[in-house]
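The values are calculated or read from the model by the stated rules, or taken from the named source; none is laboratory data. What you see is a predicted model; the values in this text were computed from it and never measured. With ideal geometry, Cβ positions are generated from the backbone for all residues, glycine too; neighbour counts draw on all protein chains shown. Keep in mind that these areas ignore ligands, DNA and RNA; they rest on the heavy atoms of the full protein, side chains included. Shrake-Rupley method; radii C 1.70, N 1.55, O 1.52, S 1.80 Å.
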Amino acid sequence: MSARPAAVLRPPRAVVRGETSWALQAALDRRGLGPVAGVDEAGRGACAGPLVVAACILRPGDGARLPELTDSKLLTAAARERVYAQVVRRAVDYSIVIIPPSEVDALGIHVTNIEGMRRAVAGLATSPGYVLIDGFRVPGLPAPSVPVIKGDRVVACVAAASVLAKVTRDRIMAGLHDEHPQYGFDVHKGYTTTEHGEALTTHGPSEVHRWSYTNVALAAQAHGRRPPHKVMLTAAALQARAPVRAADDDVSQNGASADELARRGAD
């Protein structure tokens, strides 16, 4: 009689109820699939400042011991600072990656986001048994992984990573406000708001803006400025007829080619 193959451990099905239930991570830990690392980012939608990605491993059960822990966007600035200090103190391990605007401009936001998540997990000194990611799949991680919709609200280690990334980025933006007070980075943190748009119109972009983004490219064009580094323009920026050129004339396309966009416009 042939021997039966060894059972393969698979992530359990976990029913998640409520905004603060950490059932999925707890189920993975119980099945021996930990340590579980959570990954999240801050600043993907901003048009200025860095993209910050964090990975975090919490001790099993620490979600219940951190009563304020949740999606960083749902916390006040003061609460985020409190939770940040608690996570840093209690975490088994964490890693924070800061990606400058020039890298976002050169490679595109999606590529830098994916690569940043890989780098954050690789930066952990403790090798995770499983990785849970907020929102979408990330290939090339050193451990099995699963994307979790609204992971920063239902997975404790993802929520912890979101707080680490958000607080780190907010502190950076406060520092950039001291260097560039005309843009109001201390208020909107580099995101596209009415006030930020007005400042871009008045002053044009700075070196800490993302010159590949449509609103920044248009502001640069209006002020006759060229980006100080390589830029991969988004399809939206190309459609908006804002193909600004870097000092070395090195501009590529992110998405549809310029010829394809021109053909679409002629249809």
Condition first: closer than 14 Å to ALA165 by Cα and among the hydroxyl-bearing types (Ser, Thr, Tyr). Now tell me which residues in segment 60-90 satisfy that. THR70, SER72, TYR84
Take the residues in segment 139-157 that are within 16 Å of GLY123 (Cα to Cα) and in contact (Cβ under 8 Å) with a residue 60 or more places away in the chain; name whichever of them is farthest from the chain's Cα centre (by Cα). ALA143
So is ARG80 farther than 13 Å from THR168 by Cα, in a helix (DSSP H, G or I) and open to solvent by 10 Å² or more (accessible area, probe 1.4 Å) or not? no
Residue check for SER95: closer than 26 Å to LYS189 by Cβ, open to solvent by 30 Å² or more (accessible area, probe 1.4 Å) and modelled with pLDDT of 95 or more: no
Got a number for residues in segment 122-140 being part of a loop (DSSP other than H, G, I, E, B) and open to solvent by 30 Å² or more (accessible area, probe 1.4 Å)? 9
Subset of segment 169-214 [touching a Cys at 6+ places or on another chain (Cβ under 6 Å) and of a type in the set (S, T, N, Q)]: THR192
Based on this model, can you work out whether VAL158 counts as at pLDDT 95 or above and either in contact with a Ser or Thr (Cβ under 9 Å, 6 or more places away or on another chain) or open to solvent by 40 Å² or more (accessible area, probe 1.4 Å) (or both)? no
Taking segment 85-121 and keeping residues in contact (Cβ under 8 Å) with a residue 24 or more places away in the chain, more than 16 Å from the chain's Cα centre (by Cα) and not in a loop (DSSP other than H, G, I, E, B) leaves VAL87, VAL88, ARG90, ASP93, ALA106
Return yes or no: is ALA165 in contact (Cβ under 8 Å) with a residue 60 or more places away in the chain, more than 25 Å from ARG210 (Cβ to Cβ) and in contact with a strand residue (DSSP E or B) (Cβ under 9 Å, 6 or more places away or on another chain)? no
